[in-house]
Amino acid sequence: LASMATAVHGHPVGFIITLREGEHGTALGRLLSAVARGGGNRQIVVSALADDDAATLANEIADEALSDTEVSRLIRRTGGNPLFVSEYARLSKDERDAGELPQAVRSVLGLRLAGLDPAVLQVLRMAAVIGDAIDVALLSATTRLDIDSLADHLDEAADARIIAAAPGTDGYAF
């Protein structure tokens, strides 16, 4: 692709490249560099949807209007990720109420989990049993890992976007 991006310079050809922040290998780095050097190229950063926008999108996609409670739960579960909002909204009300995980979301998470070290996966399994918010002290005691080792595992999971920094705390949450 990097060769193509430079070879078609001056021709009416367009490329659309989607990627997550931080997921840059060597080949992708060359491609992004080649694209950045080209005139007229643009980078568009798509951030998480605001709560009102996520609610609007969900209600556009769902078969029936979502209640305020459902919208709050959907926003909390998806973090405003447009793909996740869309896929959760496509579930039936019964599936949403049962906490079903849409197949597209399951696939994305499966790919992210597949790249993790088995020790990190074990920590995540134990953290999931504890709850959505990760109590680092409790998780350390449960896993029998020292805080530094546990922090390394949690950082790796955060880099894979399995968990995220919990707002207002020094911990993580799913």
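At-a-glance table
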{"quantity": "Identity of the residue in the stretch 23-36, closer than 22 Å to Glu156 by Cα and either touching a strand residue (DSSP E or B) at 6+ places or on another chain (Cβ under 8 Å) or open to solvent by 70 Å² or more (accessible area, probe 1.4 Å) (or both), that ends up modelled with the lowest pLDDT", "calculated": "Glu23"}
{"quantity": "Flag if Val108 is modelled with pLDDT of 85 or more and either touching a Ser or Thr at 6+ places or on another chain (Cβ under 8 Å) or β-branched (Val, Ile, Thr) (or both)", "calculated": "no"}
{"quantity": "Search result, residues across the stretch 62-82 that are without any contact (Cβ under 8 Å) to a residue 40 or more places away in the chain and either assigned to a loop (DSSP other than H, G, I, E, B) or within 29 Å of Gly14 (Cα to Cα) (or both)", "calculated": "Ala62, Asp63, Glu64, Ala65, Leu66, Ser67, Gly80, Asn81, Pro82"}
{"quantity": "Ser47 being modelled with pLDDT of 75 or more and either closer than 30 Å to Arg96 by Cβ or surrounded by fewer than 10 Cβ atoms within 10 Å (Cβ to Cβ) (or both)", "calculated": "yes"}
{"quantity": "Within the stretch 85-105, considering residues that are at pLDDT 90 or above and hydrophobic (A, V, I, L, M, F, W, C), the one surrounded by the most Cβ atoms within 10 Å (Cβ to Cβ)", "calculated": "Val85"}
{"quantity": "Scan of the stretch 1-12 for residues that are modelled with pLDDT under 75, open to solvent by 60 Å² or more (accessible area, probe 1.4 Å) and among the hydrophobic types (A, V, I, L, M, F, W, C), ordered by number", "calculated": "Leu1, Met4"}
{"quantity": "Test for Ile147: is it at pLDDT below 95, touching a helix residue (DSSP H, G or I) at 6+ places or on another chain (Cβ under 6 Å) and open to solvent by 80 Å² or more (accessible area, probe 1.4 Å)", "calculated": "yes"}
{"quantity": "Only listed residue being surrounded by 17 or more Cβ atoms within 10 Å (Cβ to Cβ), within 25 Å of Pro167 (Cα to Cα) and out of contact with any Phe, Trp or Tyr (no Cβ under 9 Å at 6 or more places or on another chain), chosen from Leu121, Leu74, Leu139", "calculated": "Leu139"}
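The values are calculated or read from the model by the stated rules, or taken from the named source; none is laboratory data. This is a predicted model, so every value here is computed, not measured. Heads up, the Cβs are rebuilt from the backbone with ideal geometry, glycines too, and the neighbour counts pull from every protein chain shown. Surface accessibility is based on the protein's heavy atoms, side chains included, excluding ligands, DNA and RNA. Shrake-Rupley method; radii C 1.70, N 1.55, O 1.52, S 1.80 Å.
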